[in-house]
Amino acid sequence: MQVSSIELDSVSKRFGSVEVISELSLTIHSGEFIAFLGPSGCGKSTLLRMIAGLETVDGGEIRIGGERVDNLPPGARGVAMVFQHYALYPHMTVADNLAFGLRNIGTPKDEIARRIEEAARILEIGHLLARKPGQLSGGQRQRVAIGRALVKDPKAYLFDEPLSNLDAALRVRTRVELARLHQQTRATTIFVTHDQVEAMTLASRIVVMNARKVEQVGSPMEIYGRPATEFVARFVGSPAMNFLPVQIRDRGGLATAALGDGSIIETDVPLAGLPSGGELRVGVRAEAIHVREDGGVPGRVEVIERLGDRTHLHVRLMDGSTLIAEDKGFSRIQPGDTVRLAFEGATAHLFDAAGLAYHARQ
């Protein structure tokens, strides 16, 4: 299996007068699994198609394995793409679907047979080789589509939302299969998705995109634990991070956040570096807000979501703002109850009016 780095150097793309990618630079290391994560229309699939050669580049350069490829046709770039739709030939068997691309480039028969056998072993589809796509389940067809990429022995795999058409249970199983496949091949992989769970569980690094620009690049836990912007904090994590307007006070060089009702959240965010004046919001995740008798923030429970291992409480605070707190799975709290909330201030973040984040020191 070949492994190669992918370098994007000030890459830009326009559709008419609309710039959809603006001077984006990114290095994907050899053997790395990268996820492009973001909402529909943010530019992630366009970026992937530019790497594959299915969209032209209007500015900048793309290099794969150190070789410039943005001026090469798709077939000469050494990448294999797996699409959201399986695009299998319905009149061909699985084996013929796997072999089709290799035959077109004149690969010897014995080499084709070896690659198909190896791909079938890795993907556990050996018993399906004689069947046609119409005789396969959705998950089996997706594995065949992945196998068709695998037999090409590419420099890199490009996945464009490959799990979107699968039901929830099958999506989980296929996600595990993709993780196992990458562990076996260690091939450079780019995975486009709008699903944060897919990105968090599969990728070694995540590129979070919004409005055709990169908001943050980092490991899954960096993205989750230290979001660079309010958009990242809202988009990654379920439920989304809570945001509350606050006034800032000094506590020995650290920022204390005062809520509208006068309640206090003691953060570990340094006061130095925070913008003076202007609107600030404190951001806290639900798992860092707990119901406790000695909690400093009172509120009234409006909605309860019982999720089995945990319970989410939608709470309205005394100043009228709302947040989601977390309680144990077998919570006895009922809608209408008054509770007191304790905040893990050490995990809190502050966000300015532009949505930029300020964190505790590491």
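Structure notes:
- Filter result (of a type in the set (Gly, Ala, Ser) and without any contact (Cβ under 8 Å) to a residue 40 or more places away in the chain) within the stretch 226-253: Ala240, Gly252, Gly253
- Helices (runs of 4 or more DSSP H) lying entirely in the stretch 57-160 (those with 1 or more residues that are within 20 Å of Leu178 (Cα to Cα) and among the charged types (D, E, K, R)): 109-123, 138-150
- Checking Leu37 against (1) under 21 Å from Leu163 (Cα atoms); (2) among the aliphatic types (A, V, I, L, M); (3) modelled with pLDDT under 95, the condition it does not meet: (3)
- Within the stretch 74-106, tally of residues that are more than 26 Å from Gln135 (Cα to Cα) and surrounded by 17 or more Cβ atoms within 10 Å (Cβ to Cβ): 3
- Taking first residues from the stretch 192-219 that are farther than 19 Å from Ser238 by Cα and partners that are crowded, with 17+ Cβ neighbours inside 10 Å and charged (D, E, K, R), the Cβ contacts under 6 Å between residues at least 6 apart in sequence or on separate chains come to Val192/Lys44; Val192/Asp160; Val192/Glu161; Ser204/Glu32.
- Cross-chain or 6+ apart pairs with Cβ under 9 Å, the stretch 102-130 first and touching a residue at least 60 places away in the same chain (Cβ under 8 Å) and assigned by TED's automatic domain parsing to the domain that holds Val176, then part of a helix (DSSP H, G or I) and surrounded by 15 or more Cβ atoms within 10 Å (Cβ to Cβ): Ile122/Gly147; Ile122/Leu150; Ile122/Leu181; Ile122/Thr185
- Condition check for Val69: over 30 Å from Gly138 (Cβ atoms), free of Cβ contacts under 8 Å to residues at least 24 places away in the same chain and either not polar (S, T, N, Q) or not assigned by TED's automatic domain parsing to the domain that holds Val192 (or both): yes
Condition check ((1) in a strand (DSSP E or B); (2) over 30 Å from Asn210 (Cα atoms); (3) not small (Gly, Ala, Ser)) across all residues:
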| position | (1), (2), (3) |
| --- | --- |
| Arg281 | yes, no, yes |
| Val301 | yes, yes, yes |
| Val315 | yes, no, yes |
| Asp319 | no, yes, yes |
| Phe330 | no, yes, yes |
| Ile333 | no, yes, yes |
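- Yes/no for Gly147 being modelled with pLDDT under 90, over 30 Å from Thr201 (Cβ atoms) and under 28 Å from the mean Cα position of the chain (by Cα): no
So that you can scan it fast, the table gives a plain yes or no per residue for (1) in a loop (DSSP other than H, G, I, E, B); (2) of a type outside the set (D, E, K, R):
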residue: Glu198; (1), (2): no, no
residue: Thr201; (1), (2): no, yes
residue: Gln216; (1), (2): no, yes
residue: Ile223; (1), (2): no, yes
residue: Arg234; (1), (2): no, no
residue: Pro239; (1), (2): yes, yes
residue: Pro245; (1), (2): no, yes
residue: Asp250; (1), (2): no, no
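- Criterion (at pLDDT below 95 and closer than 30 Å to Leu317 by Cα) met by exactly one of Ile223, Ile264: Ile264
- Candidate set from the stretch 301-333 (those that are β-branched (Val, Ile, Thr) and within 19 Å of Met241 (Cβ to Cβ)); member that is surrounded by the most Cβ atoms within 10 Å (Cβ to Cβ): Val315
- Residue match in the stretch 259-266 (condition: of a type in the set (S, T, N, Q), at negative phi, in contact (Cβ under 8 Å) with a residue 40 or more places away in the chain and not assigned by TED's automatic domain parsing to the domain that holds Leu48): yes
The values are calculated or read from the model by the stated rules, or taken from the named source; none is laboratory data. Nothing here was measured: the structure is a model prediction, and the numbers come from that model. Cβ coordinates were reconstructed from backbone atoms using ideal geometry, including for glycine residues, and neighbour counts include every protein chain displayed.
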